Amino acid sequence: MGAGRKRALSISLIAAALAIGVTTTSLASGLVKHRFTAPLQGGVNNAGLELNAYFKKGVPNYVTDLVWENVSCGGPFAGVQHWRVAVNDRHKFSKKHAVHNGAPGETVKITGKFSKRNGKFHHLAGTFAVSATAGCPNGTGTLTYKTG
């Protein structure tokens, strides 16, 4: 095979790879991210949580990136808990995992259920808990939250 044909083949392969990348990006863009925020512990000291929910065709698909702040016995924690959990066909999710950068053995558990308002899933309610640690032997206990 001559140098010209090899170059043409290389360019064709690169173009095909780019086309596949564009197609993958287009498919992924079918997901729409929404940020949900809710107060915890009555919002005292601005206690609350935030998380991302990804929707496909208007239906919640999965949830990621939990953040909580100023929660009594959950600390002034402000880091992002990177995880991903699927939302089931009843629009519910549940996740328990080790707290990233937390005390040894510390876990966080969050549950949630999306519900419709005016025909769209704009409402999220559930529970949140941080386990016991040396500095807080009872943890947060189970706290309820709800958005909008």
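Some notes on this structure:
- Extreme residue, surrounded by the fewest Cβ atoms within 10 Å (Cβ to Cβ), among residues of region 1-59 that are at pLDDT 90 or above and in a loop (DSSP other than H, G, I, E, B): Lys57
- Hits in region 60-79 (condition: surrounded by 19 or more Cβ atoms within 10 Å (Cβ to Cβ), not in a loop (DSSP other than H, G, I, E, B) and not aromatic (Phe, Trp, Tyr)): Pro60, Val63, Leu66, Val71, Gly75
- Hits in region 80-99 - residues which are surrounded by 14 or more Cβ atoms within 10 Å (Cβ to Cβ), of a type outside the set (A, V, I, L, M) and either more than 15 Å from the chain's Cα centre (by Cα) or modelled with pLDDT under 95 (or both): Gln81, Trp83, His97
- The residues of region 79-132 that are of a type outside the set (Ser, Thr, Tyr) and touching an Asp or Glu at 6+ places or on another chain (Cβ under 9 Å), listed by number, are Val80, Gln81, His82, Trp83, Arg84, Ala98, Val99, Val130, Ala132.
- A count restricted to region 135-146 and to residues that are among the β-branched types (Val, Ile, Thr), surrounded by fewer than 19 Cβ atoms within 10 Å (Cβ to Cβ) and in a loop (DSSP other than H, G, I, E, B) stands at 1.
- Residues (open to solvent by 40 Å² or more (accessible area, probe 1.4 Å) and either among the aromatic types (Phe, Trp, Tyr) or over 22 Å from Gly42 (Cα atoms) (or both)) located in region 104-134: Pro104, Gly105, Lys116, Arg117, Asn118, Gly119, Lys120, Ala134
The values are calculated or read from the model by the stated rules, or taken from the named source; none is laboratory data. As the structure is a prediction and not an experimental result, all values here were calculated from the model. Neighbour counts are summed over all protein chains in view; Cβ atoms, including those assigned to glycine, are modelled from backbone coordinates with ideal geometry. We work out accessible area using only protein heavy atoms, side chains counted, and drop any ligands, DNA or RNA first. Shrake-Rupley method; radii C 1.70, N 1.55, O 1.52, S 1.80 Å.
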